[in-house]
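Report on the following structure.
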Amino acid sequence: MNRKQRRAETPRVRDGMPAVGLALDRAFNTGLQYHRAGRLEEAARYYRQVLAVRPRHADSLHLLGVIALDTGRHRRAADLISGAIAIDPAQAPYHANLGTAFWKLGALDEAVACYRRALDRDPGYAKAWFNLAAVLWKEGKATEAEAGYRAALRMQPNYPEALDNLGTVLARTGRTDEAIACYRAAIVCRPEFPEAHNNLGTALLEQGQAEAAMASYREAIALRPGFPEAHFNLGTAASELGQPDAAVSHYRNALALRPDYADAWLNLGVALKDLMRLPEAIACYRQAIALEPANAEAHSNLGIALLAAGELPEGWREHEWRWKTPHLIAARRDFGVPLWRGEPAEGRTLLIHAEQGFGDTLQFCRYASMASARGMRVIMEAQPPLVRLLRTLAGVDVVLARGDPLPAFDLHCPMLSLPLAFGTSLETIQSSGRYLHADPARVAEWRDRLAAVDAASTRVGLVWAGNPRRHSRGLTAVDRRRSISPERLAPLLRLPGLRFFSLQKDGPRPAGHIAALDFMTEMEDFADTAALIMNLDLVISVDTAVAHLAGALGKPVWLMDRFDTCWRWLTGRSDSPWYPNLRLFRQPRPGDWDTVLDAIARELTRREFGAAAS
């Protein structure tokens, strides 16, 4: 947390003050004593007594300005301190405190100029370096801010606030190890420094050390129980450790201290969604939006919760806010043509472009055929491993790999905005079954190869892990919840009359032998995997792209689903309106894969691979 200096300086009486008489001298020193004791009204009364006799008494003007600064009268402070500087421009504290007045007034350039004038007069003035650095950081000048904090520390090595703020600069510029060292040094200088403990926790959390982060947050709270940010951060760490109940409690503690804490309402909603308490999560997101109407993450998360609850029309609208979230704002593309929102466009050319993961593209590419049926010429841009397969979509004129030159087009639409454009509800999802197709020649090749291996057994494909997406701590945590150790599949692999095939392209490999044939090194893209899947009787997968692939190919697919299910699988049902051939096996409790695997083992013995009824 980057902080400015809390109080302006009250300097000692300077040597060599002009003789103003003993009574006047006593009045000024009495005011100074009251000032140092925090009795500001009494101090101000004595400073005014001095000024009534000596209107050009610079120190009294300056210190009246300091009192105005400390009591929130920032314009008055600037006027008084400027008057002191007009009388005696050589005093560095005058310029430094005028800088703080300008900072409070939002005049950052003027504040910087004042701090620099203070340092011209006293280059060893550590607090002026500190405040200059803080303003430069607020202006987004990280390199200059770092230099300022380092200068303050050269003047005053055991300066805990400077160490703490330098740590923040280093953390925000990706140097987490150095930031941690700064926070720890600040704590050595001042063990009872709750902000530094809190900031240390955040840096440790950034490194994936959630347990250590929680210890730091708890120390911050022990030092300052009414520290809402530390309670909030403790909730974040609990979430990353897979403790949503604890996270809910910590976020509620933060909100008890600060009811208008929009980010705490947002994260409380996320924790409640992880517990599948969707109505409560939706209410929290709406509260965050009421406090911050432009909070893109609150809107986007509200959209996801509404979609999971089956409230698709409003969910799609709120989901459009995803383009303003930190996760996707840089990925938003401007093609210089209008976004298609579902209006009639017969005869015009529409570019549909993939935007997120392989599974999203496989699920929503179906809308391209629907756009073609409305009389549009459709161009699709997708991830390179999907291009060959997507060329089997009905009605699509051109399929290009992302990065290829694009032909001319009139309109564009990101793939996950297509449901909104088509006004999709639960009742209007196009789910006729198979809409992607494998190459018949490749299917025949695999038919012959697998017949040579085992012509009699029932063939089952397995996928146990998704993409860990290590670029995002949050997405990595989701992957840990959706993936399963391959060794846990051993009870399925021992079932008689079944031949298992690994469809796991990447991800964790089994620690020992696993009784599943693996041809995935031969798979160049999804079209190759599709040809293999068409020769299987069933695909069993965690929530990853292969489940969507099997669904789009019309093959029976059983989804091993985590408790905090993805929005697309809805709640309270074992089928999917998106894929009539898909059956859901849901965790009844977070992390409970045993129940899922037991249910799948029972169903495998029945050899009935059709989808379940809703």
Requested in this report: Evaluate the distance, in nm, between pseudo-label points positioned 7 Å from the Cα of residue 537 and of residue 434 along their respective Cα→Cβ axes.
Outcome: 1.8
Requested in this report: Let me see the pair-distance distribution of segment 46-137: every alpha carbon pair, 5 Å bin width, integer percents in order.
Outcome: 3, 17, 25, 24, 18, 7, 4, 1, 0
**Report entry** Label-point separation in nm, residue 443 to residue 571, each point 7 Å along Cα→Cβ
**Finding:** 3.9
Query raised in the report: Using alpha carbon centroids, what distance separates segment 565-602 and segment 342-366, in Å?
Result: 28
Requested in this report: Place +1 on the Cβ of every Lys and Arg and -1 on the Cβ of every Asp and Glu in the chain, take the dipole about the Cα centre, and give the residue among 180, 590, 35 whose Cα lies farthest towards its positive end.
Outcome: 35
Report summary line: The correct pair for segment 226-332, radius of gyration to one decimal and Dmax as a whole number, both in Å and from Cα atoms, is 13.4, 41
Requested in this report: Give the order of 314, 219 when sorted by the count of other beta carbons within 10 angstrom, beginning with the fewest.
Outcome: 314, 219
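Out of the DSSP beta bridges found with both residues in the chain, what percent are antiparallel (nearest 5)?
Numbers: 1 of 35 bridges.
Antiparallel bridges make up about 5 percent of those DSSP assigns within the chain.
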Query raised in the report: How many percent of the alpha carbon pairs in segment 339-421 exceed a separation of 16 Å?
Result: 42
Query raised in the report: In Å and whole numbers, how far do the C-alpha atoms of segment 324-371 stretch along each principal axis, longest first?
Result: 35, 26, 13
**Report entry** Along principal axes, Cα extents of segment 126-168, largest first, whole Å
**Finding:** 26, 17, 13
Report task. Compute the length gained on full extension between residue 606 and residue 25: take 0.36 nm times their separation in residues and subtract their Cα-Cα distance, giving the result in nm to one decimal. Result -> 199.1 nm
Report summary line: Listed with the fewest Cβ neighbours within 10 Å leading, 398, 248, 188 appear as 188, 398, 248
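Can you sort 337, 546, 399, 387 from fewest to most other Cβ atoms within 10 Å of each residue's own Cβ? Mind showing how you got there, number by number?
Values: 337 15, 546 27, 399 22, 387 19.
Lowest to highest Cβ neighbour count: 337, 387, 399, 546.
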Report task. Tell me the label-point distance for the pair residue 525, residue 122, using the 7 Å Cα-to-Cβ offset, in nm and rounded to one decimal. Result -> 7.0
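Would you calculate, for the chain, the mean residue ellipticity at 222 nm contributed by helices, counting each DSSP H stretch of 4 or more residues as -39,500 (n - 2.57) and dividing by all residues, to the nearest 500?
-16000 deg cm²/dmol, from helical runs alone.
What is the percent of Cα-Cα separations in segment 496-583 that go past 16 Å? Intermediate values should be presented prior to the final figure.
Values: 2140 of 3828 pairs.
Tail of the P(r) past 16 Å holds 56 percent of the pairs.
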**Report entry** Overall Cα dimensions of the chain - principal axes, largest extent first, Å
**Finding:** 112, 55, 40
Report task. Return one number: the angle in degrees, 0 to 90 and rounded to the nearest 10, between the long axis of the Cα atoms of helix 92-104 and the longest principal axis of the Cα atoms of the chain. Result -> 40
**Report entry** segment 339-421: relative contact order in percent, alpha carbon pairs under 8 Å with at least 6 residues between
**Finding:** 44
Query raised in the report: Taking 0.36 nm per intervening residue step and subtracting the Cα-Cα distance, what contour gain separates residue 454 from residue 495 on full extension?
Result: 13.2 nm
Requested in this report: Just subtract the alpha-carbon distance of residue 175 and residue 206 from 0.36 nm times their residue separation and send over the number in nm, one decimal.
Outcome: 10.1 nm
Query - segment 420-435 - phi-based ³J(HN,Hα) in whole Hz, Karplus 6.51/-1.76/1.60, Gly and Pro as x - result: 5, 4, 8, x, 5, 10, 4, 7, 10, 4, 7, 9, 6, x, 5, 10
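Computed from the coordinates by the stated procedures, all read-outs in this text should not be read as laboratory data. These figures come from a predicted structure and were not determined experimentally. Using ideal geometry, Cβ is built from the backbone for each residue, glycine included, and neighbour counts are taken over all protein chains shown.
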